[in-house]
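I have placed the structure first, in the form of structure tokens, so that the comments after it can refer back to it.
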Amino acid sequence: MPPAIHEANESTCTKGRPTPLRVYNNEVGPEKQRQMRKENNDFIWTSFAEPHAERRRRILDKHNKEIKQLMIIEPMTKYLVTAVTFLQIALAYTVPKYFLEDREKYSWTTTWLPFVAFCFLIGGTITHTLFLAIHEVTHNTAFRKPLYNDLLAIFCNFPIAAPYAMMFKSYHHEHHKYQGWDGIDTDIPEFIEAKLLKSTAGKIFFLFFQIAFYAFRPMLVRSPKLNVMHLLNWVAIIGWWALQYMLVGRHVQEGEFNTFKFAAIYFGLSTWCTGCFHPISGHFVSEHFVFDPNTYQETYSYYGPLNFFGWNVGYHNEHHDFPSVPWSKLPSVTKTAPEYYDDLEKTSSWPGTLWRFAFDPNVSTFSRVKREAFSGKRATLLPTTPMDVHSPTVEPRQMRADFEKNKSK
């Protein structure tokens, strides 16, 4: 069994920063772990590889045929995604006029307030569904040809305020391949970001502007090589806004309701509201933040009803284990190999996760697992230490049983 704590080598630590903790198992109790995190002001560092490749290998050893049958192209995705995109565009050009056409005659409490509430409850939900549709489609589960998936993702991007889809694809594929790698996985807050926002007030600020952090952090930390699809994404979104202006915006007469302007406000508010304490936005926090100091598990699944609006993104362990399985088949992964998922910690509530993240003093922006400090600065990206069966991030009961069985042969 590996020791409970290993300090990182001096070469892997940032000069002037505390030595990262490397916590491997439950020999360190919750009180000791809280104390160490408080004193170190750093992430949870591990020398083990991310858990999903090893669990994927073990599941395929036992359930290869059943899992391979789930790796399909989901034909309904393109129709549902298209319908949701058109729905959001239709709402943008009808809802503002309903609430705001007579805004000068009535109080803001009967015009702007219900409009903003609509943007939060309905517009924010639809926009988050579109964000997660882009996530789904960029895994190439809607069409067999990657190009068609990229074009569909760009189409989903129209009701979102800024060009996002192709840049997200670049960063998200690195998140899967190099989960937790320092300087590569931009899903994790940067050190200065985590340091400044670790307090309760900082965490609330973080939750209010989650979309901004997820949008701008990657560009500041790790700029990818731009390709034709990135450029096409920008051209398509700029063209989309120009088309709206040409068809609707430039013909507005003085005193006439400016449908284009308020549609833009609807799109912008919905995009901001979708990450601002929105119930579905709890998945941003619940997927990889470590809440239990006894667990050290780094990916968490949620099996509740809000998955209906999020393309089953709550099945997050299953998704990381098998990214090519479409949203409609992820519950079948759990049913096919329950022995590998039943023992893992789970998230019971996305809204509850937001509340706990904000107000639990034992959880902070540092509560993420990282590996191989400065790996993002290496010329060649080499694999991390092979997964050990004793790693707490991947050790449900069935995997230990598999290990013992193979060892006895």
Which percent of the accessible heavy-atom area of the stretch 46-96 goes to carbon and sulfur, probe 1.4 angstrom? 65
The answer for the net charge of residues other than Ala133 whose Cβ lies under 14 angstrom from its Cβ, with Lys and Arg +1 and Asp and Glu -1, is -1
Decide, for the stretch 143-213, between rounded, prolate and oblate: order the square roots of the alpha carbon gyration tensor eigenvalues as a ≥ b ≥ c, take rounded if a/c falls under 1.5, and otherwise choose prolate if a/b is larger than b/c, else oblate. oblate
Work out the FRET efficiency for Thr200 and Lys346 from their Cβ-Cβ distance, taking R0 = 25 Å, and round it to the nearest 0.05. 0.50
Evaluate the relative contact order of the stretch 93-185 (contact order divided by residue number), counting alpha-carbon pairs under 8 angstrom at least 6 apart; express in whole percent. 17
The stretch 234-357, accessible surface, carbon-and-sulfur percent (1.4 angstrom probe): 63
Quick check: from the Cα gyration tensor, does the stretch 207-296 come out rounded (a/c under 1.5), prolate or oblate? oblate
Calculate, for the stretch 264-303, the solvent-accessible area per residue in square angstrom, rolling a 1.4 angstrom probe over the heavy atoms of the protein chains. 20
Would you mind getting me the FRET efficiency between Phe86 and Asp360? Use the beta-carbon distance for r and R0 = 30 Å, nearest 0.05. 0.15
Which order, highest average first, do 108-114, 233-239 follow once you tally other Cβ atoms within 10 Å for each residue and take the mean per peptide? 233-239, 108-114
What is the packing order of peptides 61-67, 211-217, taking the mean over residues of other C-beta atoms within 10 Å and listing the highest first? 211-217, 61-67
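The values are calculated or read from the model by the stated rules, or taken from the named source; none is laboratory data. Computed from a predicted structure; not experimentally measured. Cβ atoms come from the backbone with ideal geometry, glycine included; neighbour counts cover every protein chain shown. With ligands, DNA and RNA removed, areas are computed over all heavy atoms of the protein, side chains included. Shrake-Rupley method; radii C 1.70, N 1.55, O 1.52, S 1.80 Å.
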